[in-house]
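S.K.: This is the structure I have questions about; it appears just below.
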Amino acid sequence: MLFTVVDLLVRAADTCPDKKAVLFKNRAMTYGELCEQSRKLVGSLVELGVKKGDRVCFYLEKRFEKVLVIYAISMAGAVFVPIRRLCTKEQALYIINNSQASVLITTSARLAALAPSLPELKTAIVLDYMDCDLAVPNLVSWEQVLSFRNTSVKFPSIIAKDIAAIMYTSGSTGPPKGVVLTHGNIVAGAHKVSHYLDLSEHDRLLGILSFGFDYGLNQLTMAFMARAQLVLFDYLFPRDILKAVEHYGVTGLAAVATTWIQLLQVPWGRHMDSLRYITNSGGAVPVDAVRELRQRIPHARIYLMYGLTEAFRSTYLDPDMVDLRPDSIGKAVPGEEVMVVDENDMPVKPGEIGELVHRRELVAQGYWADSEATEKRFRKNPFLQQEVCVSERVVYSGDYVRMDNDGYFYFVGRKDEMIKSAGNRISPWEVEEILYRSGFVSEVVAMGVPHEVYGQVVGVVLSLLPGVNKGEKDILDYCRNEVPSYMVPGHVHIWSTLPRNTNGKLDRAVIRERILGDADFRR
């Protein structure tokens, strides 16, 4: 029985110590090697004063050491706090300070940039340590931590309810929030997803998502649960992914929606022939893109999913239903419960729009050091009988969905991003979906723009597919033929590229900030 993140590695090391577990460039580490080096690292962490419950941040590119620190920190009973490699200096400082981390594991270049603003940081472990003159009381090299030999150090006991990680959101609606996850949360996510993906020891996953992103971390944990293999890979261009899939014989690929859209803009040839399945995260994949994916890789099973950091995965669509319901996010993940409620916490009828509420063991523990935000999103189960004296918390997603008569869910949009124009409630996602169908839009974000008479009108920011020569008038003409008049954009901006956040998703907050600060756009 698996209860903790540590169990994932230890069990795999016990049953198949010589099997290659993680591949990086032209090297590989076995499950046995990973377990042995993790034990050395955890011994050093304990000797350095790391105690159960302490927060340890790591700020690294994809590499073997990144896997080792996750398991070593967990073995020490501490809490691992990933910082995405694409985070800015300011974002990284916020995470380190907000989590009150006692240790930072990073490179000398990153530490040099951060250290002057971290007067309280006690210990830094530097992977490429040289004779650095940095204002950190305890500066340790990676070679030093792996040279641990003291076998008398006692490691703390860990149970499923202990805190394992703090995963910071991308901060699309304000400062990043630290989502607190227990070992049980993470292990349950690995079990549930690997089960319906039918993951086995024969699979090889390409890890292109950040470990600071819940679904990126899940690629690691479920690979170890199934004793499969994980390829560590940071990419620059979509073609890099295609080459990696072919080179490593990858069988499973997870990507955010924007990455799938980008991949479909280049020819594949036979690069993706080894894939057994693909999955999405970070937003719905446009219907036309889903259909093209089915055409390009008819042999692969497509799992369309919906989730949120606060509850990991909420729904998935059975691949056998993709052709029939390409716009659906499916049904609740096995063993979890998903409810759709109105503003009075009453269940809505099929076809009606309500907020998605998630219940059971994937629900996180709340936000780190933010009781106000926690109380707002993590609330008492509205359907729990009053006679039950112990309250149960569920998470309110902040997303609007609807359910059909057969129990399938459909994403409508975020509550705080819905457009209200002249009494009409408009889903930005629906506007974006229609523009993707045009065949000349590469990426698009729709939003509400203030209007003196209507309250709001639709505004869109988009980029065009390579070789497409269209202007604002062409886009408006297309929309007038496809949508009701109240959904026709009042404003259109065409950009060469749209910015992304550290998860690889379109950065709606940055786009909205730029647009609403543009007086010409708001006229």
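S.K.: Output the residues belonging to the stretch 216-232 that are touching a helix residue (DSSP H, G or I) at 6+ places or on another chain (Cβ under 9 Å) and either assigned by TED's automatic domain parsing to the domain that holds LYS62 or closer than 18 Å to LYS25 by Cβ (or both).
M.R.: Scanning the stretch 216-232 gives LEU220, ALA223, GLN229, LEU230, VAL231, LEU232.
S.K.: Oh, and also: Mind listing whichever residues of the stretch 412-423 are among the hydrophobic types (A, V, I, L, M, F, W, C) and either at pLDDT 95 or above or part of a loop (DSSP other than H, G, I, E, B) (or both)?
M.R.: MET418, ALA422
S.K.: Hey, another quick one. What's the total number of residues in the stretch 408-432 that are surrounded by fewer than 19 Cβ atoms within 10 Å (Cβ to Cβ) and of a type in the set (Asp, Glu)?
M.R.: Number of matching residues: 2.
S.K.: On to the next question. Scan the stretch 238-254 and report the pairs whose first residue is assigned by TED's automatic domain parsing to the domain that holds SER274 and acidic (Asp, Glu) and whose second residue is at pLDDT 95 or above and surrounded by fewer than 18 Cβ atoms within 10 Å (Cβ to Cβ), with Cβ atoms within less than 8 Å and a gap of 6+ or a chain change.
M.R.: Partner pairs satisfying both residue conditions: GLU246/ASP273.
S.K.: How many residues, within the stretch 354-395, are part of a strand (DSSP E or B) and within 25 Å of the chain's Cα centre (by Cα)?
M.R.: Matching residues across the stretch 354-395 total 12.
S.K.: What are the pairs, 6+ residues apart or on separate chains, where a residue within the stretch 91-104 that is assigned by TED's automatic domain parsing to the domain that holds GLU47 has its Cβ under 7 Å from a residue that is surrounded by fewer than 23 Cβ atoms within 10 Å (Cβ to Cβ) and of a type in the set (S, T, N, Q)?
M.R.: Pairs that qualify, where the first residue is assigned by TED's automatic domain parsing to the domain that holds GLU47 and the partner is surrounded by fewer than 23 Cβ atoms within 10 Å (Cβ to Cβ) and of a type in the set (S, T, N, Q), are LEU93/SER117; SER102/THR123; VAL103/THR123.
S.K.: In the stretch 459-490, how many are crowded, with 20+ Cβ neighbours inside 10 Å and hydroxyl-bearing (Ser, Thr, Tyr)?
M.R.: The number of residues fulfilling the criteria is 0.
S.K.: If you take the residues in the stretch 356-374 that are surrounded by 13 or more Cβ atoms within 10 Å (Cβ to Cβ) and among the acidic types (Asp, Glu), which one is farthest from VAL340 (Cα to Cα)?
M.R.: Restricting to residues being surrounded by 13 or more Cβ atoms within 10 Å (Cβ to Cβ) and among the acidic types (Asp, Glu), the top hit is ASP370.
S.K.: Separate question: Taking the stated definitions as given, is GLU143 under 18 Å from PHE211 (Cα atoms), surrounded by fewer than 16 Cβ atoms within 10 Å (Cβ to Cβ), touching a residue at least 12 places away in the same chain (Cβ under 8 Å) and not hydroxyl-bearing (Ser, Thr, Tyr)?
M.R.: The answer is no for GLU143.
S.K.: Moving on. Among the residues that make up the stretch 104-111, is at least one of them at pLDDT below 95 and hydrophobic (A, V, I, L, M, F, W, C)?
M.R.: Within the stretch 104-111, one or more residues are at pLDDT below 95 and hydrophobic (A, V, I, L, M, F, W, C).
The values are calculated or read from the model by the stated rules, or taken from the named source; none is laboratory data. Note that the structure is predicted; figures quoted are calculated from it, not measured. Heads up, the Cβs are rebuilt from the backbone with ideal geometry, glycines too, and the neighbour counts pull from every protein chain shown.
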